[in-house]
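Heads up, the thing below is written out as structure tokens.
A short reminder: the numbers here are calculations on the coordinates, not readings from a lab. From a predicted model like this one, the values you see are computed outputs, not experimental measurements. Cβ sites come from the backbone with ideal geometry, for glycine too, and all protein chains shown count toward neighbours.
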Amino acid sequence: HRGHGHCIAKGADLKRMEAELYGRQAGYCKGKGGSMHIADFDIGMLGANGIVAGGISIVTGAGLAAKMEGNRGVAVSFFGDGASNAGPFHECLNIAATWKLPMIYVCENNLYAAQTPAAATHAQSDVASRAAGYGIPGVVVDGNDIFAVYQAAHAAVERARSGAGPSLIECKTYRWRGHTERRGWPDPRDPAEIEAWKQRDPIELLERRLRDQGELDDAGRQAIEAEVMRALDEAVAFAEASPLPLPEQATDDVFAA
Ligand SMILES: Cc1ncc(C[n+]2csc(CCOP(=O)(O)OP(=O)(O)O)c2C)c(N)n1
Ligand SMILES: [Mg+2]
């Protein structure tokens, strides 16, 4: 589900996203890609990816395209701590640094790759420190603090637009639910650790800060919640009204098998 928030933030259509989750024809991938492969090229969302680290190479290609076209575009790749151990991460950081591509690599480090704790696969706790090996800036930020993320992202966008090249931002965060809730795949994490992170819910942290600053009150909070629920209800109704793909469409849009 890593890509869902990115799609929404980038302006993807909730209705077409929901229809894809339902496996319906009106979905982003006509109901055949599923939750993990939602893409919308029209808004510059190149797609989430079920291949761990696969998206990093695709987005580095977009960074190269932006540089060649000179269009001030900045390509942003989101991936996990597990993905940062895969070859594409290292190959792409190396070439993007060498060619000074307008790129931001955002590692959402939730401390586990599926069920495996990062300490079992990383000799160093900070992925950001790897940036030094490629001669680019690497920063660690509190990924649950939207303002800290915004500041780091702003600096990285400026750097990319100035022609200085890529940055690596490591956002420390957490996944509340297990990687999978399939039977036979128990969640190995300490319940106290999960609880401690729940106390640092990024949405609640934002809400608290906005209330402290007098930017949000109960009525404002309720209005946002009502708007979100309305949009979700509309998306679900849209998805349920769309037909399933037909058997004869099974091989449409399939380029290789
Ligand atoms: C190339 C590849 N290898 C293995 C998998 C199986 N797999 C799915 S999720 C995952 C762990 C990814 O870890 P991380 O990047 O930290 O993402 P998170 O589990 O935190 O969402 C693995 C190995 C895969 N999808 N793709
Ligand atoms: Mg992870």
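Considering only beta bridges that DSSP places wholly inside the range 2-249, some 15 percent are antiparallel. If you take all other residues with their beta carbon under 10 Å from the beta carbon of ASN144, and give Lys and Arg +1 and Asp and Glu -1, the sum is -2.
For the range 2-249, lysine pairs with C-alpha atoms less than 29 angstrom apart, excluding pairs fewer than eight positions apart on the same chain, total 12.
What is the sum of charges around ALA113, taking Lys and Arg as +1, Asp and Glu as -1, for the other residues whose C-beta is under 15 Å from the C-beta of ALA113? Spelling it out: positives minus negatives among the neighbours equals 0. Peptides 238-245, 1-8, 55-62, 194-201 ranked from most to least packed by the mean count of surrounding Cβ atoms within 10 Å: 55-62, 1-8, 238-245, 194-201. Specify the inter-centroid distance of the range 19-98 and the range 200-216, based on alpha-carbon positions, in whole Å. If you average the Cα positions of each part, the centres end up 31 Å apart.
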